[in-house]
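The values are calculated or read from the model by the stated rules, or taken from the named source; none is laboratory data. Note that the structure is predicted; figures quoted are calculated from it, not measured. With ideal geometry, Cβ positions are generated from the backbone for all residues, glycine too; neighbour counts draw on all protein chains shown. Protein only, heavy atoms only, side chains kept; ligands, DNA and RNA dropped before computing areas. Shrake-Rupley method; radii C 1.70, N 1.55, O 1.52, S 1.80 Å.
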Amino acid sequence: MRPVRTLFSYVRYAFQSGAIQQVNQVARRQPLLKTVIFSGTVGTTCIYLAKHYKASCKSPEIEMEQENSEVIKYKSSKLKENFSAKASLEYNGEYFMTGRDFIEAWITDDYYEKAKIELYDSEYEVLINSVKVAEEPSFNMLFTSTALISYPDYVFLRSILQRPDDLSVKSFQMLDLDLNGSICINEYYSLSKLFTKNDEGDPKKHLKTTLRVLLFDHTDDGKITQPKFEILLKDVQTNCLKAEFNKYRQRENKPDMISVQGFMRAMLRRTKVSAIQRARFIDKSEVYTELDAITFTQFQSMITLLNNFSDFEVAVRMYQIAKKPLARGVFKRAAFICTGEKLDDEIVDVLFYIFDEAGDGHLSHSEFVNVMKEMETNVSSQREKQHTIGQYFRKCVRNEMLRSYA
């Protein structure tokens, strides 16, 4: 058995030796072969590592810009979907909301789709020609059943709602691309190309709407001045707030007031509290007996505070740092500093009763500020993103203004 193993070992050794020698001979005959193979391997490896390193070392600014771009596309698509679903009119292949449609979409959280009524040419002309442009600007006609609101109008109106007045004025300044103190129709429609695919922002490619006529006249020669914009802002916010107030209005003994429960529902629909928290707060409001009903003025002052809540949070941050709760006097003073309006003692008492979880007569940062600081955007109750439409609007207009001066 041993001679056989020795024989096999000899044959294997001879075979391996011959193979090695053959490879060495080939290598000696072709000295460039090893160099080419080695260089190719090293070069491919370097290219791969360089690309991988470049991708991994991307600056935070670039990553943030790409993320913002993706989020803006997502938000604009959701906004377009919401508009298309809730618009009730169609003309020339384009959807339009009436003023009632806009109000209904604003005060309703649920997603729904409306049947579309197709307008004839004559009907469209009657609706546009019925818009009267007065010397004293007024935009109350915008919320009637005969108003026509296009998608660019819808984006514009939503962008100035539920925002502090000073930020809305800054939005005006950012839309004023040439910084001449007024907004022309071309600057107005520059907003539409940021939210609509294949839209070059040309006014001639957009149909006339009620808002367009009220802002720029029937000839499109008008301009939006700062005072005119402030009137628009006031009319839009007041009409939407009144519609929301009427949604919770008591129909029996006090038709011009809402209950404490309705007031709490209106507040909580602007937040992202869980269903359990929402139910607990509403249950507490139902057993509150110190106040029967709340007037529109009281409701409006509280909504103004919510719209300026980021400033309120800054005003009371020192108490958070010191881990001190808010007393009623401090709460009222901070609200006045942020809004310029005094909260009624009755509203303050309601807030302290509902949100004072510890029952010590004070509000801690976690009891009130953390609940209210993340405001809802109210687009079909979409909670996937925490950014508001106003933020995307200002970001888009800022980028467009920078490009125009580049």
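Tell me, what is the per residue accessible area of the range 207-280 in Å², probe radius 1.4 Å?
45 Å²
Greater than 22 Å separation of Cα atoms is the criterion. Which listed pairs, LYS114/LYS247; LYS80/LYS114; LYS78/LYS204, meet it?
Numbers: LYS114/LYS247 20 Å; LYS80/LYS114 14 Å; LYS78/LYS204 26 Å.
Pairs exceeding the cut-off: LYS78/LYS204.
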* **Dipole of the range 224-276, positive end: most advanced residue of LEU232, MET264, ALA243 [Cβ charges, Cα centre]** => MET264
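For SER77 and VAL169, calculate 0.36 nm times their separation in residues minus their Cα-Cα distance, and state this gained length in nm to one decimal. Display every interim value, and only then the final one.
Numbers: separation 92, 0.36 × 92 = 33.12 nm, distance 2.58 nm.
Taking SER77 through VAL169 to full extension adds about 30.5 nm, to one decimal.
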* What's the carbon and sulfur percent of the range 223-365's accessible surface, probe 1.4 angstrom, rounded to a whole number? -> 52 percent
* Asked: Which of rounded, prolate, oblate describes the range 230-364, given a ≥ b ≥ c as roots of the alpha-carbon gyration tensor eigenvalues and a/c under 1.5 marking rounded, otherwise prolate only if a/b is larger than b/c?
  -> oblate
* Asked: Could you give the accessible area per residue of the range 282-335, probe 1.4 Å, as a whole number in Å²?
  -> 51 Å²
* May I ask you to rank ILE282, ILE231 by accessible area, largest first, using a 1.4 Å probe over the protein chains only? => ILE231, ILE282
* Check each of the GluC sites (Glu not before Pro) in the range 217-292 and keep only those in coil by DSSP with at most 16 other C-beta atoms within 10 angstrom; list them in order. => GLU252, GLU290
* Tally Lys and Arg at +1 and Asp and Glu at -1 over the other residues with C-beta under 13 Å from the C-beta of TYR91: what net charge comes out? -> -4
* Structure fact -> From the cross-link list LYS86/LYS242; LYS234/LYS272; LYS132/LYS342; LYS223/LYS342, the entries with a Cα-Cα span beyond 32 Å are LYS132/LYS342; LYS223/LYS342
